[in-house]
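Participant: To start, I am sharing the structure in question, which I have written as C-alpha coordinates.
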Amino acid sequence: MITRLLFFIGRGICHQLPSRSFIIAGQQLPLCARCTGIYIGVFVCLLYLWLRRRWRGNLVPSLGLVIFMAAGFIPLMLDGATSYLGLRDSSNLLRVVTGILMGYSLPVWIVLLKNFSIKDANTDPIIFSYKELCIILLLAGGMGFFVYNDVLMNWWFVAGTCIISIVFLYIHIAAIIIKQIFTRLRPHHVFAIAVFIAIGLLTVLSIINRTLQTLFL
Amino acid sequence: MIFCKKCGKILEEDQEKCPFCGDHDQEETIKDIPKQNLPHSFDKALEEIEQPTGSFSKPTYTPVPTPPIGMIPPLSNWIKVLLAVTVPILPGIGPLIGIIAGAIFMSNQDEDRKTFGQALLTVSIIVFIILCGCCMLFSVAAQQTGSELDRLLNNLSKL
(Lines give C-alpha, C1' and ligand atoms only; values in the text may rest on other atoms or scores of the structure.)
Protein backbone atom coordinates (compact mmCIF):
# COMPACT_ATOMS: atom_id res chain seq x y z
CA MET A 1 0.00 0.00 0.00
CA ILE A 2 2.71 2.48 1.02
CA THR A 3 4.85 1.32 -1.90
CA ARG A 4 1.98 2.04 -4.26
CA LEU A 5 1.52 5.47 -2.69
CA LEU A 6 5.23 6.23 -3.16
CA PHE A 7 5.04 5.17 -6.79
CA PHE A 8 1.82 7.17 -7.26
CA ILE A 9 3.42 10.39 -5.96
CA GLY A 10 6.63 9.70 -7.87
CA ARG A 11 4.67 9.29 -11.09
CA GLY A 12 3.45 12.86 -10.72
CA ILE A 13 6.85 14.27 -11.58
CA CYS A 14 8.82 11.39 -13.08
CA HIS A 15 8.49 8.98 -16.00
CA GLN A 16 9.75 6.06 -13.83
CA LEU A 17 11.21 4.22 -16.83
CA PRO A 18 12.80 1.03 -15.47
CA SER A 19 15.87 1.34 -17.72
CA ARG A 20 16.65 4.76 -16.27
CA SER A 21 15.92 3.97 -12.64
CA PHE A 22 18.01 2.54 -9.82
CA ILE A 23 17.35 -0.85 -8.32
CA ILE A 24 17.87 -1.05 -4.57
CA ALA A 25 17.73 -4.46 -2.92
CA GLY A 26 16.04 -5.89 -5.99
CA GLN A 27 13.30 -3.27 -6.18
CA GLN A 28 13.05 -0.29 -8.52
CA LEU A 29 12.98 3.17 -6.93
CA PRO A 30 9.83 5.26 -7.53
CA LEU A 31 11.92 7.88 -9.36
CA CYS A 32 14.31 7.80 -12.29
CA ALA A 33 18.06 8.28 -11.78
CA ARG A 34 17.92 12.00 -12.58
CA CYS A 35 15.01 12.70 -10.24
CA THR A 36 16.61 10.53 -7.56
CA GLY A 37 19.74 12.71 -7.84
CA ILE A 38 17.72 15.94 -7.67
CA TYR A 39 15.78 14.86 -4.59
CA ILE A 40 18.82 13.39 -2.84
CA GLY A 41 20.36 16.87 -3.25
CA VAL A 42 17.19 18.50 -1.95
CA PHE A 43 16.99 16.15 1.03
CA VAL A 44 20.65 16.57 2.03
CA CYS A 45 20.48 20.36 1.71
CA LEU A 46 17.26 20.51 3.74
CA LEU A 47 18.83 18.34 6.42
CA TYR A 48 21.95 20.53 6.48
CA LEU A 49 19.93 23.76 6.76
CA TRP A 50 17.78 22.26 9.50
CA LEU A 51 20.76 20.99 11.50
CA ARG A 52 22.61 24.31 11.14
CA ARG A 53 19.45 26.24 12.12
CA ARG A 54 19.31 28.18 8.89
CA TRP A 55 15.68 27.38 8.33
CA ARG A 56 14.70 30.98 9.20
CA GLY A 57 17.36 32.55 6.99
CA ASN A 58 16.33 35.41 4.73
CA LEU A 59 19.57 37.03 3.57
CA VAL A 60 20.27 36.78 -0.15
CA PRO A 61 23.58 34.95 -0.72
CA SER A 62 26.43 36.87 -2.31
CA LEU A 63 26.51 37.15 -6.10
CA GLY A 64 29.36 34.64 -6.30
CA LEU A 65 27.38 32.05 -4.37
CA VAL A 66 24.28 32.74 -6.47
CA ILE A 67 26.22 32.17 -9.69
CA PHE A 68 27.88 29.07 -8.21
CA MET A 69 24.50 27.58 -7.33
CA ALA A 70 22.88 28.61 -10.63
CA ALA A 71 25.82 27.06 -12.52
CA GLY A 72 24.79 23.71 -11.02
CA PHE A 73 21.71 23.78 -13.28
CA ILE A 74 23.82 23.82 -16.47
CA PRO A 75 25.11 20.18 -16.46
CA LEU A 76 21.57 18.86 -16.01
CA MET A 77 20.27 21.05 -18.84
CA LEU A 78 23.08 20.00 -21.17
CA ASP A 79 22.75 16.33 -20.30
CA GLY A 80 18.96 16.40 -20.56
CA ALA A 81 18.81 18.40 -23.77
CA THR A 82 21.46 16.40 -25.63
CA SER A 83 20.04 13.03 -24.60
CA TYR A 84 16.38 13.98 -25.29
CA LEU A 85 17.34 15.34 -28.70
CA GLY A 86 19.06 12.05 -29.46
CA LEU A 87 22.50 13.59 -29.90
CA ARG A 88 24.07 11.21 -27.40
CA ASP A 89 23.16 8.60 -24.82
CA SER A 90 23.33 9.47 -21.16
CA SER A 91 24.06 7.04 -18.35
CA ASN A 92 22.50 6.63 -14.93
CA LEU A 93 25.73 7.81 -13.30
CA LEU A 94 25.67 11.03 -15.30
CA ARG A 95 21.97 11.47 -14.59
CA VAL A 96 22.36 11.13 -10.83
CA VAL A 97 25.43 13.42 -10.70
CA THR A 98 23.79 16.18 -12.76
CA GLY A 99 20.61 15.75 -10.72
CA ILE A 100 22.48 16.27 -7.45
CA LEU A 101 24.24 19.36 -8.87
CA MET A 102 20.86 20.88 -9.64
CA GLY A 103 18.93 19.73 -6.59
CA TYR A 104 21.35 20.69 -3.83
CA SER A 105 20.67 24.43 -4.25
CA LEU A 106 16.88 24.30 -4.54
CA PRO A 107 16.18 24.42 -0.76
CA VAL A 108 18.34 27.55 -0.48
CA TRP A 109 16.05 29.36 -2.93
CA ILE A 110 12.96 27.97 -1.24
CA VAL A 111 14.08 29.08 2.24
CA LEU A 112 15.05 32.48 0.86
CA LEU A 113 11.71 33.04 -0.86
CA LYS A 114 9.80 31.69 2.14
CA ASN A 115 11.38 34.05 4.66
CA PHE A 116 12.30 37.06 2.53
CA SER A 117 10.74 40.28 3.75
CA ILE A 118 10.05 43.22 1.45
CA LYS A 119 9.50 45.77 4.22
CA ASP A 120 12.08 44.74 6.81
CA ALA A 121 15.81 44.22 6.64
CA ASN A 122 16.88 40.66 5.85
CA THR A 123 19.85 39.77 8.02
CA ASP A 124 19.74 36.03 8.75
CA PRO A 125 22.08 34.19 6.38
CA ILE A 126 21.19 30.89 4.73
CA ILE A 127 24.53 30.04 3.18
CA PHE A 128 27.76 31.69 4.27
CA SER A 129 30.43 30.34 1.98
CA TYR A 130 31.50 28.06 -0.84
CA LYS A 131 32.76 25.67 1.82
CA GLU A 132 29.21 25.03 3.03
CA LEU A 133 27.98 24.43 -0.50
CA CYS A 134 30.86 22.00 -1.07
CA ILE A 135 29.98 20.15 2.16
CA ILE A 136 26.36 19.77 1.01
CA LEU A 137 27.57 18.62 -2.41
CA LEU A 138 29.94 16.09 -0.87
CA LEU A 139 27.26 14.68 1.44
CA ALA A 140 24.75 14.44 -1.41
CA GLY A 141 27.41 12.97 -3.67
CA GLY A 142 28.21 10.35 -1.01
CA MET A 143 24.56 9.39 -0.72
CA GLY A 144 24.28 9.28 -4.51
CA PHE A 145 27.35 7.03 -4.68
CA PHE A 146 25.83 4.56 -2.23
CA VAL A 147 22.52 4.59 -4.09
CA TYR A 148 24.23 4.13 -7.45
CA ASN A 149 26.26 1.18 -6.17
CA ASP A 150 23.39 -0.20 -4.07
CA VAL A 151 25.60 -0.22 -0.99
CA LEU A 152 24.46 0.42 2.59
CA MET A 153 21.15 1.75 1.35
CA ASN A 154 17.68 0.70 2.33
CA TRP A 155 14.95 0.94 -0.31
CA TRP A 156 12.47 2.46 2.12
CA PHE A 157 14.98 5.07 3.25
CA VAL A 158 15.90 6.23 -0.27
CA ALA A 159 12.36 6.07 -1.68
CA GLY A 160 10.88 7.68 1.44
CA THR A 161 13.36 10.56 1.61
CA CYS A 162 12.98 11.31 -2.10
CA ILE A 163 9.17 11.31 -1.98
CA ILE A 164 9.08 13.35 1.24
CA SER A 165 11.43 15.86 -0.42
CA ILE A 166 9.09 16.10 -3.43
CA VAL A 167 6.02 16.71 -1.28
CA PHE A 168 7.93 19.16 0.91
CA LEU A 169 9.27 21.08 -2.08
CA TYR A 170 5.91 21.32 -3.82
CA ILE A 171 4.13 22.43 -0.65
CA HIS A 172 6.66 25.19 -0.10
CA ILE A 173 6.61 26.35 -3.71
CA ALA A 174 2.81 26.54 -3.52
CA ALA A 175 3.07 28.41 -0.19
CA ILE A 176 5.51 30.92 -1.70
CA ILE A 177 3.16 31.64 -4.61
CA ILE A 178 0.11 31.97 -2.36
CA LYS A 179 2.01 34.20 0.07
CA GLN A 180 2.97 36.56 -2.73
CA ILE A 181 -0.52 36.70 -4.23
CA PHE A 182 -2.61 36.83 -1.04
CA THR A 183 -0.42 38.94 1.21
CA ARG A 184 -3.02 39.28 3.96
CA LEU A 185 -3.50 35.57 4.60
CA ARG A 186 -2.19 34.17 7.88
CA PRO A 187 0.80 31.79 7.68
CA HIS A 188 -1.10 28.70 8.81
CA HIS A 189 -3.87 29.39 6.30
CA VAL A 190 -1.25 29.77 3.57
CA PHE A 191 0.30 26.47 4.61
CA ALA A 192 -3.06 24.66 4.66
CA ILE A 193 -3.98 25.91 1.17
CA ALA A 194 -0.46 25.05 -0.07
CA VAL A 195 -0.77 21.46 1.21
CA PHE A 196 -4.11 21.14 -0.55
CA ILE A 197 -2.77 22.57 -3.84
CA ALA A 198 0.48 20.57 -3.78
CA ILE A 199 -1.21 17.24 -3.05
CA GLY A 200 -3.91 18.01 -5.62
CA LEU A 201 -1.34 18.97 -8.25
CA LEU A 202 0.77 15.86 -7.68
CA THR A 203 -2.37 13.70 -7.84
CA VAL A 204 -3.55 15.29 -11.10
CA LEU A 205 -0.06 15.03 -12.65
CA SER A 206 0.21 11.41 -11.59
CA ILE A 207 -3.15 10.57 -13.15
CA ILE A 208 -2.22 12.42 -16.38
CA ASN A 209 1.11 10.59 -16.56
CA ARG A 210 -0.59 7.25 -15.95
CA THR A 211 -3.20 7.99 -18.62
CA LEU A 212 -0.57 9.03 -21.14
CA GLN A 213 1.47 5.90 -20.50
CA THR A 214 -1.64 3.74 -20.85
CA LEU A 215 -2.64 5.48 -24.10
CA PHE A 216 0.83 5.18 -25.62
CA LEU A 217 1.25 1.58 -24.56
CA MET B 1 5.13 93.47 2.45
CA ILE B 2 4.04 96.88 3.60
CA PHE B 3 5.32 98.71 6.67
CA CYS B 4 4.21 101.87 8.41
CA LYS B 5 6.80 104.54 7.73
CA LYS B 6 6.33 106.06 11.13
CA CYS B 7 6.14 103.17 13.58
CA GLY B 8 7.55 100.28 11.44
CA LYS B 9 4.63 97.94 12.11
CA ILE B 10 3.55 95.49 9.39
CA LEU B 11 0.35 96.53 7.64
CA GLU B 12 -2.19 94.62 5.62
CA GLU B 13 -2.24 95.10 1.84
CA ASP B 14 -5.54 97.00 1.86
CA GLN B 15 -4.88 99.13 4.95
CA GLU B 16 -4.50 102.76 4.05
CA LYS B 17 -4.23 103.91 7.62
CA CYS B 18 -1.89 102.43 10.24
CA PRO B 19 -4.04 100.97 13.04
CA PHE B 20 -1.20 101.50 15.57
CA CYS B 21 -0.14 105.12 15.03
CA GLY B 22 -2.97 106.32 12.82
CA ASP B 23 -0.62 107.72 10.18
CA HIS B 24 -1.76 107.93 6.53
CA ASP B 25 0.15 107.28 3.27
CA GLN B 26 2.84 105.22 4.93
CA GLU B 27 2.91 102.37 2.42
CA GLU B 28 6.29 101.13 1.22
CA THR B 29 7.62 97.69 0.41
CA ILE B 30 10.52 96.26 2.40
CA LYS B 31 12.88 96.81 -0.51
CA ASP B 32 12.01 100.49 -0.64
CA ILE B 33 12.54 101.13 3.04
CA PRO B 34 15.54 103.44 3.37
CA LYS B 35 18.09 102.22 5.87
CA GLN B 36 18.19 105.48 7.77
CA ASN B 37 14.47 105.14 8.54
CA LEU B 38 14.80 101.66 10.00
CA PRO B 39 15.11 101.11 13.74
CA HIS B 40 18.74 100.83 14.85
CA SER B 41 18.71 97.16 15.82
CA PHE B 42 16.98 96.08 12.59
CA ASP B 43 19.42 98.11 10.51
CA LYS B 44 22.40 96.46 12.22
CA ALA B 45 20.97 92.99 11.77
CA LEU B 46 20.40 93.68 8.09
CA GLU B 47 24.00 94.76 7.67
CA GLU B 48 25.23 91.59 9.39
CA ILE B 49 23.20 89.47 7.01
CA GLU B 50 24.59 91.32 4.00
CA GLN B 51 28.18 91.34 5.28
CA PRO B 52 28.68 88.37 7.62
CA THR B 53 31.30 88.87 10.30
CA GLY B 54 34.14 86.45 11.03
CA SER B 55 32.08 84.37 13.44
CA PHE B 56 29.93 83.12 10.57
CA SER B 57 31.59 80.95 7.98
CA LYS B 58 30.21 80.66 4.48
CA PRO B 59 28.04 77.53 4.35
CA THR B 60 29.24 74.87 1.95
CA TYR B 61 26.98 72.31 0.32
CA THR B 62 28.21 68.95 -0.89
CA PRO B 63 26.13 67.04 -3.42
CA VAL B 64 24.38 63.95 -2.06
CA PRO B 65 25.89 60.90 -3.82
CA THR B 66 22.79 58.70 -3.76
CA PRO B 67 19.21 59.64 -3.11
CA PRO B 68 17.85 58.48 0.25
CA ILE B 69 16.03 55.18 0.60
CA GLY B 70 12.52 55.42 -0.76
CA MET B 71 13.50 58.09 -3.26
CA ILE B 72 15.26 55.69 -5.68
CA PRO B 73 13.36 55.70 -8.97
CA PRO B 74 11.56 52.42 -9.59
CA LEU B 75 12.96 49.87 -12.00
CA SER B 76 12.22 50.60 -15.62
CA ASN B 77 9.23 48.73 -17.00
CA TRP B 78 11.26 47.79 -20.06
CA ILE B 79 13.74 45.85 -17.93
CA LYS B 80 10.88 44.17 -16.06
CA VAL B 81 9.12 43.16 -19.26
CA LEU B 82 12.34 41.98 -20.89
CA LEU B 83 13.27 39.77 -17.93
CA ALA B 84 9.71 38.48 -17.48
CA VAL B 85 9.64 37.46 -21.14
CA THR B 86 13.17 36.03 -21.15
CA VAL B 87 12.49 33.57 -18.32
CA PRO B 88 9.79 31.47 -20.04
CA ILE B 89 10.81 31.80 -23.70
CA LEU B 90 14.46 30.81 -23.43
CA PRO B 91 14.43 27.18 -22.27
CA GLY B 92 16.98 26.61 -19.54
CA ILE B 93 18.94 29.81 -20.01
CA GLY B 94 15.93 32.04 -19.23
CA PRO B 95 15.33 30.65 -15.72
CA LEU B 96 19.07 30.84 -15.02
CA ILE B 97 19.13 34.52 -15.98
CA GLY B 98 15.96 35.02 -13.92
CA ILE B 99 17.47 33.39 -10.82
CA ILE B 100 20.63 35.49 -10.95
CA ALA B 101 18.78 38.73 -11.78
CA GLY B 102 16.15 38.00 -9.12
CA ALA B 103 18.82 37.46 -6.45
CA ILE B 104 20.57 40.69 -7.47
CA PHE B 105 17.34 42.69 -7.25
CA MET B 106 16.47 41.09 -3.91
CA SER B 107 19.82 42.28 -2.52
CA ASN B 108 18.79 45.86 -3.30
CA GLN B 109 17.31 48.18 -0.67
CA ASP B 110 14.61 49.52 -2.96
CA GLU B 111 11.20 48.01 -2.28
CA ASP B 112 10.22 47.92 -5.95
CA ARG B 113 13.36 46.01 -6.91
CA LYS B 114 12.99 43.63 -3.96
CA THR B 115 9.40 42.80 -4.91
CA PHE B 116 10.27 42.30 -8.56
CA GLY B 117 13.33 40.21 -7.65
CA GLN B 118 11.26 37.95 -5.42
CA ALA B 119 8.64 37.48 -8.13
CA LEU B 120 11.30 36.87 -10.79
CA LEU B 121 13.09 34.26 -8.67
CA THR B 122 9.79 32.48 -7.94
CA VAL B 123 8.80 32.46 -11.61
CA SER B 124 12.25 31.23 -12.67
CA ILE B 125 12.12 28.25 -10.30
CA ILE B 126 8.56 27.42 -11.35
CA VAL B 127 9.45 27.66 -15.05
CA PHE B 128 12.47 25.42 -14.50
CA ILE B 129 10.34 22.80 -12.74
CA ILE B 130 7.70 22.98 -15.48
CA LEU B 131 10.48 22.57 -18.04
CA CYS B 132 11.70 19.44 -16.24
CA GLY B 133 8.10 18.13 -16.24
CA CYS B 134 7.76 18.79 -19.97
CA CYS B 135 11.05 16.98 -20.62
CA MET B 136 9.74 14.05 -18.57
CA LEU B 137 6.53 13.86 -20.64
CA PHE B 138 8.55 14.34 -23.82
CA SER B 139 10.84 11.47 -22.88
CA VAL B 140 7.84 9.19 -22.25
CA ALA B 141 6.29 10.19 -25.58
CA ALA B 142 9.62 9.89 -27.41
CA GLN B 143 10.30 6.49 -25.93
CA GLN B 144 6.85 5.19 -26.89
CA THR B 145 6.94 6.81 -30.31
CA GLY B 146 10.43 5.43 -30.82
CA SER B 147 9.28 1.91 -29.99
CA GLU B 148 6.29 2.34 -32.31
CA LEU B 149 8.62 3.48 -35.09
CA ASP B 150 10.95 0.54 -34.45
CA ARG B 151 7.99 -1.83 -34.62
CA LEU B 152 6.81 -0.22 -37.85
CA LEU B 153 10.31 -0.43 -39.37
CA ASN B 154 10.61 -4.08 -38.32
CA ASN B 155 7.27 -4.87 -39.93
CA LEU B 156 8.30 -3.06 -43.08
CA SER B 157 11.62 -4.92 -43.21
CA LYS B 158 9.75 -8.22 -42.82
CA LEU B 159 7.60 -7.34 -45.81
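The values are calculated or read from the model by the stated rules, or taken from the named source; none is laboratory data. None of the values given here were measured: they were computed from a predicted structure. Note that each Cβ is placed from the backbone with ideal geometry, even for glycine, and that neighbours are counted across all protein chains shown. Only protein heavy atoms, including side chains, enter the accessible area calculation; ligands, DNA and RNA are left aside. Shrake-Rupley method; radii C 1.70, N 1.55, O 1.52, S 1.80 Å.
Participant: Take region A:80-112 and flag every residue that is assigned to a helix (DSSP H, G or I), within 11 Å of chain B (Cβ to nearest Cβ) and closer than 20 Å to B:A141 by Cβ.
Facilitator: A:G80, A:A81, A:S83, A:Y84, listed by residue number.
Participant: As an exercise: evaluate A:Q16 against (1) within 11 Å of another protein chain (Cβ to nearest Cβ); (2) without any contact (Cβ under 8 Å) to a residue 60 or more places away in the chain; (3) assigned to a helix (DSSP H, G or I) and give the number of the one condition it does not meet.
Facilitator: If we test A:Q16 against (1) within 11 Å of another protein chain (Cβ to nearest Cβ); (2) without any contact (Cβ under 8 Å) to a residue 60 or more places away in the chain; (3) assigned to a helix (DSSP H, G or I), just (3) comes out false.
Participant: State whether one or more residues within region A:118-128 are within 26 Å of A:M69 (Cα to Cα), touching a residue at least 24 places away in the same chain (Cβ under 8 Å) and acidic (D, E).
Facilitator: Checking region A:118-128: at least one residue is within 26 Å of A:M69 (Cα to Cα), touching a residue at least 24 places away in the same chain (Cβ under 8 Å) and acidic (D, E).
Participant: Those residues that are surrounded by 16 or more Cβ atoms within 10 Å (Cβ to Cβ) and facing chain A (nearest Cβ under 9 Å), I need them from region B:106-116; list them, please.
Facilitator: B:M106, B:S107, B:K114, B:T115
Participant: Any residue at all in region A:41-56 that's within 11 Å of chain B (Cβ to nearest Cβ) and either closer than 16 Å to A:I135 by Cα or small (G, A, S) (or both)?
Facilitator: no
Participant: Among (1) modelled with pLDDT of 90 or more; (2) more than 26 Å from A:V158 (Cα to Cα); (3) open to solvent by 20 Å² or more (accessible area, probe 1.4 Å), which single condition is A:V66 missing?
Facilitator: Only one criterion in (1) modelled with pLDDT of 90 or more; (2) more than 26 Å from A:V158 (Cα to Cα); (3) open to solvent by 20 Å² or more (accessible area, probe 1.4 Å) is unmet by A:V66, namely (3).
Participant: Look at region A:135-149 and say how many of its residues are open to solvent by 60 Å² or more (accessible area, probe 1.4 Å) and out of contact with any strand residue (DSSP E or B) (no Cβ under 8 Å at 6 or more places or on another chain).
Facilitator: So the answer is 6.
Conditions (1) open to solvent by 10 Å² or more (accessible area, probe 1.4 Å); (2) over 27 Å from A:P18 (Cα atoms); (3) touching a strand residue (DSSP E or B) at 6+ places or on another chain (Cβ under 9 Å), marked per residue:
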| site | (1), (2), (3) |
| --- | --- |
| A:V42 | no, no, no |
| A:W50 | yes, yes, no |
| A:R56 | yes, yes, no |
| A:S62 | yes, yes, no |
| A:L85 | yes, no, no |
| A:S91 | yes, no, no |
| A:P107 | no, yes, no |
| A:L112 | no, yes, yes |
| A:T123 | yes, yes, yes |
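Participant: If A:A70 passes every condition in (1) at the interface with chain B (Cβ under 9 Å from one of its Cβ atoms); (2) under 17 Å from A:C32 (Cα atoms) but one, which one does it miss?
Facilitator: (2)
Participant: Still on this structure, I have one more. Could you list, in sequence order, the residues of region B:89-99 that are over 12 Å from B:V123 (Cα atoms), open to solvent by 20 Å² or more (accessible area, probe 1.4 Å) and facing another protein chain (nearest Cβ under 10 Å)?
Facilitator: B:P91, B:I93
Participant: Considering only residues of region A:180-212 that are touching a residue at least 12 places away in the same chain (Cβ under 8 Å) and not hydrophobic (A, V, I, L, M, F, W, C), which is nearest to the other protein chains (Cβ to nearest Cβ)?
Facilitator: Going through the qualifying residues, I end up with A:N209.
Participant: Against the condition within 14 Å of chain B (Cβ to nearest Cβ) and open to solvent by less than 60 Å² (accessible area, probe 1.4 Å), how does A:S129 come out, does it pass?
Facilitator: no
Participant: Picking from B:T86, B:T122, which residue would you name as being within 25 Å of A:Y104 (Cα to Cα), more than 10 Å from chain A (Cβ to nearest Cβ) and at pLDDT 85 or above?
Facilitator: B:T86
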